[in-house]
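The values are calculated or read from the model by the stated rules, or taken from the named source; none is laboratory data. Values in this document were obtained by computation on a predicted structure and should not be read as measured data. Every residue, glycine among them, receives a Cβ derived from its backbone with ideal geometry; neighbour counts consider all protein chains shown.
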Amino acid sequence: MHNILDLDLEKAGNSKPIGISLISPSISGEDMDILEVGAHPFVGDAGALKVRFGVYLPSITFAKGYEVLVRIIHKSDQFTPEIPPQDYFLTCRDDHPYDLWEATVELTSQPHPANHFGKPGVYLYRYQLRRHGEIVTLWFTDPFARETGVGELAAFHTPDTDPPFVWSDADFRVPPLDDLVVYELQVDEFNNDFAGLIEQLDYLEGLGVNCLELMPITSVRQEFDWGYGPLHFWAPEERYGGKRGFKQLVNACHERGIAVILDSVYEHVEDNFPYARVYRDSGEPNPIIGPFGEGFFGTQIDFAQPFAREYFLECNRYWLREHHVDGFRYDYVPGMYDGPLGQGYAKLVYDTYEDSLAEAQLAARFQDPAGFSRIIQCAEHLPDPRGILRQTFSNCAWQNELLNKVENMAGQRYVDDRFAHLLDTRLIGYPDTRDAEGLAMPVAPFQYFETHDHSRLITRYGLLPPLGGTGDIQYGDRRNFFKLQPFAIALYTCQGIPMLWQGQEFAENYTLPGGGNLRISFRRDIHWEFFYDEQGRALVRLYRILAKLRRQCPALRSRESFYFNEQSRPGDGVIAYLRRTPEDADAQVAVVCLNFSDSPHQIWLPFPSTGTYREQIDAASANPTYDIDVAVAGEFHKVEIPANYGRIYLHGG
């Protein structure tokens, strides 16, 4: 690692850059120190406000005639035309393996009476690149910014306005993989910002949720965007509450036993990402983009390059240490996967796994009593989710098989054995564990039937007329909410990790365009009013019952399933399966019956052990279903299943 030169530079105007003209050694991929990059404000001698800047620009050196300056303005002066930003040249450390440009600047008060420069508060900054005095890149944001302004500006708080955050989550432990119930959400759409999300944690707990999967929370150029064209990788969105607001959210979640994972987009970047823009303008060899250029979703990262690997590993480390996050959902893994021994995805998740056990602070949060790490590393590798779990240190994966089946069933109005098979992850070839340096680390797929990438399931059962013309977004008819009930029961009783997408629990009902800006840049606030209407209240009631059952019943979180294929009648819309804890004297058994048809049906099932089986979904209703008493193991009993509904019979435990 390298110490930072504490050089006070004169304000711009006629100040000159300082360069050390040495030939850069080859990049090793182990020389990144995030303490020497970004903006680090501090109080100097005699109370002077200072800030230390640093930015890595490999191959861009003073010896080649380059100059880098930083432009700084107090946020209160941002839109005052009479107050320009203050410019300062940076010094080039040509001896640094990553060609570090750095400066320490004193924020000196300015003569203009309305100028806030030199006063406490928030400052905005950006960099400019020149060569031989000519502008190469007019401005670019800080690729290591810990805070941002709106759009493409980096930011920092002066120390007196940003006291250290006090955590209270020392006792938090990441839940075991089989206990997870995940809720995917987009902060803007869910409830505006991080504070709004904290307000809804009671509600989420009521759904059994103990893990939040946040769609990208780093800043975007537009007023609203899903965030899959990343510009800043290190800074929580300022409009959501910034780094302090995000820490407050994570801390509040941890106090309730809820893990937080980030949707991380490491395969591609936005066109104005600094390492795309600067090297496109300068023509120098790019340390992070490489020869691929444009990929399927944007400018593609080249993990064959050491700088790229180190950049994203350090990014993971930062979020784990600084913001106490509990893992990552990696977007579009096929674009960064070069095999189980490759330098891309496999190495990133392995190194991140190792880090989660190497530090005492992290190990306390992640280490399972069996010795492996519970850090949540979820791969979106839709072409081969089974392979990614076998071949990498991912312990979970998105997979669209259940979603695709459910959408097809709803659209074509049928049920089949394949649906039941998809609820049994062992049966369809998912491993239970993978070797983690001699330890059996559990792995499992996420199970879901709605995500941000798809129209709402209820839209498959009929659409309402457009409100304002044929070009408007269409909405599903929520009067069909009851069609969703057996799917919800299946979700909470299946093998794997159940995941909900915001609002599905009260029949959110919009359609989603297949592409274009309307898909990713149109804000769709979830309709909280649906929670209170007849359809929403009925569906939420069911979700809450199922959440309590999944949380309390180990049989519903186990790896043991059995499909009653001989007794099920998919042609009538009726299937049944058994969930149980491993065979022992105290085994708990759950018999699950689902009816996807519009008529009530009966099914005869063999109940595997003697005793009383109590129906759980309507056990608290005024007229609960009668219990089933089994006198002989394997005895058949008739089960009545209401239309578009289900039954769960529980025994033992």
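Structure above, values below:
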| quantity | calculated |
| --- | --- |
| For Gly571: the one exception among (1) within 25 Å of Asn480 (Cα to Cα); (2) surrounded by fewer than 15 Cβ atoms within 10 Å (Cβ to Cβ); (3) under 28 Å from the mean Cα position of the chain (by Cα) | (3) |
| Matching residues in region 118-154 - criterion: being part of a loop (DSSP other than H, G, I, E, B) and either under 32 Å from the mean Cα position of the chain (by Cα) or buried (at least 18 other Cβ atoms within 10 Å of the Cβ) (or both) | Gly121, Thr141, Asp142, Pro143, Phe144, Ala145, Arg146, Gly149, Val150, Gly151, Glu152, Leu153 |
| Any hit, region 115-122, residues being of a type outside the set (A, V, I, L, M, F, W, C), closer than 17 Å to Asp281 by Cα and at pLDDT 95 or above | no |
| Selected residue [under 16 Å from the mean Cα position of the chain (by Cα) and buried (at least 24 other Cβ atoms within 10 Å of the Cβ)] from Phe273, Phe246 | Phe246 |
| Verdict on Glu505 being under 30 Å from Ser599 (Cα atoms) and of a type in the set (Asp, Glu) | yes |
| Residues that are in contact with a Cys (Cβ under 7 Å, 6 or more places away or on another chain) and either under 19 Å from Glu314 (Cβ atoms) or not hydrophobic (A, V, I, L, M, F, W, C) (or both), drawn from region 231-269 | Phe233, Trp234, Ile261 |
| Odd one out for Phe307 among (1) modelled with pLDDT of 95 or more; (2) closer than 30 Å to Ala440 by Cβ | (2) |
| Residues satisfying the stated conditions in region 513-559, i.e. surrounded by fewer than 17 Cβ atoms within 10 Å (Cβ to Cβ), under 30 Å from Asp417 (Cβ atoms) and of a type outside the set (Lys, Arg) | Ala538, Gln552 |
| Hey, Val265 in contact with a strand residue (DSSP E or B) (Cβ under 8 Å, 6 or more places away or on another chain), among the β-branched types (Val, Ile, Thr) and in contact (Cβ under 8 Å) with a residue 40 or more places away in the chain or not | no |
| Residue match in region 325-346 (condition: in a strand (DSSP E or B) and among the polar types (S, T, N, Q)) | no |
| Residue check for Asp598: surrounded by fewer than 18 Cβ atoms within 10 Å (Cβ to Cβ), of a type in the set (D, E, K, R), in contact (Cβ under 8 Å) with a residue 60 or more places away in the chain and assigned to a loop (DSSP other than H, G, I, E, B) | no |
| Residues satisfying the stated conditions in region 404-419, i.e. closer than 16 Å to Pro498 by Cβ and either outside the structural domain of Pro486 (by TED's automatic domain parsing) or touching a strand residue (DSSP E or B) at 6+ places or on another chain (Cβ under 9 Å) (or both) | Phe419 |
| Region 276-316 - residue that is touching a residue at least 60 places away in the same chain (Cβ under 8 Å) and within 22 Å of the chain's Cα centre (by Cα) and, of those, surrounded by the fewest Cβ atoms within 10 Å (Cβ to Cβ) | Phe297 |
| So Gly257, is it of a type outside the set (D, E, K, R) and modelled with pLDDT under 95 | no |
| Flag if Ile617 is part of a loop (DSSP other than H, G, I, E, B) and surrounded by 18 or more Cβ atoms within 10 Å (Cβ to Cβ) | yes |
| Filter result for Lys243 (in a helix (DSSP H, G or I) and in contact with a Lys or Arg (Cβ under 7 Å, 6 or more places away or on another chain)) | yes |
| Every residue from region 174-199 that is surrounded by fewer than 17 Cβ atoms within 10 Å (Cβ to Cβ), part of a loop (DSSP other than H, G, I, E, B) and either touching a helix residue (DSSP H, G or I) at 6+ places or on another chain (Cβ under 7 Å) or at positive phi (or both) | Asn192 |
| For Leu357: the one exception among (1) within 30 Å of Leu422 (Cα to Cα); (2) more than 19 Å from the chain's Cα centre (by Cα) | (1) |
| Within region 620-647, tally of residues that are within 13 Å of Val589 (Cβ to Cβ) and either under 44 Å from the mean Cα position of the chain (by Cα) or part of a strand (DSSP E or B) (or both) | 2 |
| Candidate set from region 227-243 (those that are buried (at least 21 other Cβ atoms within 10 Å of the Cβ) and of a type in the set (Phe, Trp, Tyr)); member that is farthest from His452 (Cα to Cα) | Trp234 |
| So Leu341, is it among the aliphatic types (A, V, I, L, M), farther than 21 Å from Cys494 by Cα and assigned by TED's automatic domain parsing to the domain that holds Met499 | yes |
| Residues of region 248-274 satisfying the condition of being touching a helix residue (DSSP H, G or I) at 6+ places or on another chain (Cβ under 8 Å) and in a helix (DSSP H, G or I) | Gln248, Leu249, Ala252, Cys253 |
| Members of region 350-370 found to be under 19 Å from Ala170 (Cα atoms) and in a loop (DSSP other than H, G, I, E, B), listed by number | Glu359, Asp368, Pro369 |
| Subset of region 324-365 [in contact (Cβ under 8 Å) with a residue 60 or more places away in the chain, closer than 23 Å to Gly245 by Cα and in contact with a helix residue (DSSP H, G or I) (Cβ under 6 Å, 6 or more places away or on another chain)] | His324, Val325 |
| Residue in region 571-582 that is outside any helix (DSSP H, G or I) and on the phi > 0 side of the Ramachandran plot present | yes |
| Residue match in region 144-156 (condition: touching a strand residue (DSSP E or B) at 6+ places or on another chain (Cβ under 6 Å) and farther than 21 Å from Pro236 by Cα) | no |
| Lone unmet requirement of (1) of a type outside the set (Asp, Glu); (2) without any contact (Cβ under 8 Å) to a residue 60 or more places away in the chain; (3) outside any strand (DSSP E or B); (4) within 28 Å of Lys75 (Cα to Cα) for Phe165 | (2) |
